[in-house]
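Heads up: the structure comes next, in structure tokens.
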Amino acid sequence: MKALWRSLKQSKTGMIGLAIVLVVVVCAIFAYQLAPCDPLQQDLMNKLHDPAWTATGTQEHLLGTDQLGRDVLSRLLVGARITLLVALAGTVVGGVVGVVLGCLAGYYGGWVDAVLMRLVDIQLCFPFTLLALFIAAVLGGSLGNVILIAGITSWVRYARLVRGEILSIKESEYIEAIRAEGGSDARIIFRHILPNVISSVIVIATLEMAKIVLMEASLSFLGYGVPVTIPTWGRMLSEARANMVSNPWQCILPGLCITLTVLGVNLLGDWLRDYLDPKLDV
Amino acid sequence: MSERPVLEVNDLTVTFKTKYGSAAAVSGVSFALAKGEKLGLVGESGSGKSVTSKSILRLLPSPPAQIRGSIKLDGEELLTKSEQEMCHCRGNRISMIFQEPMVSLNPLYTIGNQLGEVVRLHKKVSRAEADKQVIEMLRTVGIPSPETRLKQYPFELSGGMRQRAMIAMALLCDPEVLIADEPTTALDVTIQAQILDLLKELNRKMGTSIILITHDLGVIASMVDTVAVMYCGHIVEKAPVRQLFHDPLHPYTKGLLNSIPKVGRTEGDLQTIEGAVPSIYNLPAGCAFSNRCGECGRICKEKEPPTLQLEDGRVVKCWKYTPQWGEEGANHE
């Protein structure tokens, strides 16, 4: 734990990433305590206000109001909850499924590999949005389903990556050595091969997490995301699209939130990859 | 040597089914290893040394490898064991060290972590107890201040150190048989000598039988009791080390010994064996060595020679030592 902290302190970018992620997480956890208004409270008389620091802004709504007069700050705070939940859970679902299937394909090869990789190929043929829409239309839009969709659409990239790396690692001498010392297949895969690929998986995961945030946004935009009663950054973005020219802040603010969160996760992931890899420890 | 041998290999044949046809990497290999015996397997690259050793541990992927024959450890057949039973044997009863110590340890784990894992894999002991055994073994193989090494990663150790750590890993569970697959080829000469001395000493102290695989006749001469010479998947000659070097029987062994450069001899070219190893997909009809053999007769090209058990316990696979050779001796070309 001490070593972890020391390594983090040495990495400026890692610290920045951690700071951003912490802010977002705290906002998400205490969203309802921090929010000045009810995020669903409409006030059509006061709609489309700009943030307080602009000429037309009011002190009442610090970050302005949207086209239905709902407080943007409150919606951003509450939206962080859902966005973060979907991004994290989606990444975990996709990551776990992808890594496990990738391991099986890479390690055992043969028909297991053939079947899984053809599945991956088939899925990669589909445009991402079409696939997400298809699943959403079949399953219906709910929080759980959005997470599931995030997982289903992202596992292929983990699987391909992990399979490729395992193909080279499983032939290495130390894997043969541990087999000669009596290691079983499961032990070899999970204890000796997996830690070697985990650094690449983390990099992919941070990129995927960003993608999932955007996926959630596009699903909400198309009307198949989480229910309308739950504010999310993606939905805010898509709702503000109509007024983009007249009220640009409506787009900029949720867009900024998505960008910063993604950036924070990427920076943190970058440091984590370096930290987890003792080969870079020289 | 009246007691039952620790390891008995009988008529071991390993064929690989490939797209070029089926290749017999090892055919009809038999040998027995007594307790505490040191057996050397020598031969050129591709003569089947490593395949033999890997099939003993059942480390070959199957398919494409097909293993036939019998491998008995203490009378127990290894080839029919389940994968799970095999896992129990590997490392515990038979161990192996590899030629590339630089890459034979997982770079992600400390020495203590990796070696401790092997202990805990085969013995039900606590982590602390495992650490203690690892330290003990590291000390036995001559690694100074093992307590510090325990917490170091493989990249922090030199090649010789890593090979010592590998040997320690292989010996942790006190195996009956240790297979050393060219344990010194990747090391420089001074370290080579140290590692070989270590192996000899451990063999004496712990009574572990050793199969040493190498293509270095110098290593064989100083190390083992018995030598088996392999050529194209066959054991062509097997004899106690002194006899093999002083009075080789098989023409191939003679050729090998002749081609060792001798210190001080400056005249003349270095002796070689004419020709090249035949392709494993397309072996000659008779003796595999017949196309390079200086003493080849007609029968050698037609029929595979039998494996002869001579009176003094030596084994040779050559027509020259059969009664037929005398009768048809005139067919010498």
Fill in the blank from the handout: All alpha-carbon distances of region A:189-243, grouped into 10 Å bins from 0, give the whole-percent distribution 23, 33, 20, 17, 7, 1
Problem - residue A:244-residue A:129 pseudo-label distance in nm [points 7 Å out on the Cα-to-Cβ vector] - result: 1.2
Exercise for the section: Rounded to the nearest Å, what's the spacing between the alpha carbon centres of region B:87-121 and region A:21-45? Just the number, please. Expected result: 54
Handout entry: Cα-based helix-to-principal-axis angle, A:249-276 vs chain A, degrees rounded to 10
Key = 20
Fill in the blank from the handout: Per GNM of chain B with C-alpha springs under 10 angstrom, the most fluctuating residue out of B:87, B:318, B:173 is B:87
Practice task
Along Cα→Cβ, 7 Å out, is where each label goes; now give me the distance between the ones at residue A:168 and residue A:222 in nm to one decimal.
Solution key: 3.6
Practice task
Determine the gain in length on full extension of the stretch residue A:185-residue A:15; use 0.36 nm per residue of separation and subtract their C-alpha separation, reporting nm with one decimal.
Solution key: 57.4 nm
Exercise for the section: Please work out the ratio of the alpha-carbon Rg of region B:99-184 to 2.2 N^0.38 Å and round it to two decimals. Expected result: 0.99
Practice task
For region B:57-103, list log₁₀ I(q)/I(0) at each q in 0.15, 0.18, 0.25 Å⁻¹, using the Debye formula over Cα point scatterers of equal strength and ignoring solvent, two decimals each.
Solution key: -0.46, -0.65, -1.05
Handout entry: Relative compactness, chain B, computed as alpha-carbon Rg over 2.2 N^0.38 Å
Key = 1.06
Problem - Most mobile of B:277, B:26, B:236 in a GNM of chain B (Cα contacts under 10 Å) - result: B:277
Handout entry: Mean shadow area of region B:197-333 over all directions, Cα convex hull, nm²
Key = 10.5
Practice task
Once you have the Kirkwood Rh of region A:164-282 from its Cα pairs, apply Stokes-Einstein at 20 °C and 1.002 mPa s and quote D in µm²/s.
Solution key: 123
Exercise for the section: Using a 10 Å cut-off on Cβ atoms, rank the peptides A:125-131, B:109-115, A:24-30, B:244-250 from the highest mean neighbour count down. Expected result: B:109-115, B:244-250, A:24-30, A:125-131
Exercise for the section: Please tell me which of these pairs span more than 25 angstrom C-alpha to C-alpha: B:123/B:205; B:123/B:151; A:2/B:124; B:19/B:54? Expected result: A:2/B:124
Problem - For chain B, with +1 on Lys and Arg beta carbons and -1 on Asp and Glu, the positive-most of B:297, B:60, B:122 along the dipole - result: B:122
Handout entry: log₁₀ of I(q)/I(0) at q = 0.11, 0.16, 0.17 Å⁻¹ - region B:1-137, Debye sum with one point per alpha carbon
Key = -0.51, -1.00, -1.09
Problem - Rounded, prolate or oblate (a/c below 1.5 giving rounded, otherwise prolate when a/b exceeds b/c) for region A:101-145 by Cα gyration tensor - result: prolate
Handout entry: Most fluctuating residue given options B:66, B:84, B:309, as computed from a GNM of chain B linking Cα atoms under 10 Å
Key = B:84
Completion exercise
For region A:43-116, the Cα gyration tensor yields equivalent-ellipsoid semi-axes (√(5λ), largest first, whole Å) of 50, 10, 9
Exercise for the section: Evaluate peptide B:107-115: per residue, the Cβ atoms of other protein chains within 10 Å of its Cβ; return the mean as an integer. Expected result: 4
Exercise for the section: Could you tell me which of rounded, prolate or oblate describes region A:173-217, using a ≥ b ≥ c as the square roots of the eigenvalues of the alpha-carbon gyration tensor, with rounded for a/c under 1.5 and, failing that, prolate when a/b is larger than b/c and oblate otherwise? Expected result: prolate
Fill in the blank from the handout: Given the candidates B:171, A:19, B:158, the one whose Cα lies deepest towards the positive end of the charge dipole of the protein assembly as shown, counting +1 at each Lys or Arg C-beta and -1 at each Asp or Glu C-beta, is A:19
Completion exercise
Taking N as the residue count of region B:136-187, its alpha carbon Rg divided by 2.2 N^0.38 Å gives 1.14
Problem - Over region B:160-220: Kirkwood hydrodynamic radius from C-alpha pairwise inverse distances, Å - result: 11.8
Fill in the blank from the handout: In Å, the Kirkwood estimate of hydrodynamic radius for region B:127-229 over Cα pairs equals 14.3
Problem - Average projection area in nm² (convex hull over Cα atoms of region B:1-60, one quarter of hull surface) - result: 4.8
Practice task
Determine the distance separating the Cα centre of region B:134-163 from the Cα centre of region B:8-64; give it in Å without decimals.
Solution key: 32
Fill in the blank from the handout: Using alpha carbon positions and the Kirkwood radius, the Rg to Rh ratio of the protein assembly as shown is 1.16
Handout entry: Radius of gyration and Dmax over the Cα atoms of chain A, both given in Å
Key = 22.0, 76
Exercise for the section: In debye, nearest 20, what is the charge dipole magnitude of region B:180-308 about its Cα centre with +1 on Lys and Arg Cβ and -1 on Asp and Glu Cβ, if you could check? Expected result: 300
Practice task
Treating cross-link reach as a plain straight distance, find the lysines whose alpha-carbon is under 16 Å from the alpha-carbon of residue B:200, omitting any fewer than eight places away in the same chain.
Solution key: B:35, B:38
Completion exercise
On each of the three principal axes the extent of the alpha-carbon atoms of region A:127-203, given in whole Å and largest first, is 51, 20, 18
Problem - Segments B:14-22, A:222-230 sorted - mean Cβ within 10 Å per residue, highest first - result: A:222-230, B:14-22
Exercise for the section: Send over the per residue convex hull volume for region A:48-87, Cα only, as a whole number of Å³. Expected result: 65
Fill in the blank from the handout: Mean separation of Cα contacts under 8 Å (at least 6 apart) over the residue count of chain B, i.e. the relative contact order in percent, is 19
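Read the figures in this text as sums done on the coordinates, not as results from a lab. Please read all numbers here as calculations on a predicted model, not as lab measurements. Cβ: placed from backbone, ideal geometry, glycine included. Neighbour counts: every protein chain shown.
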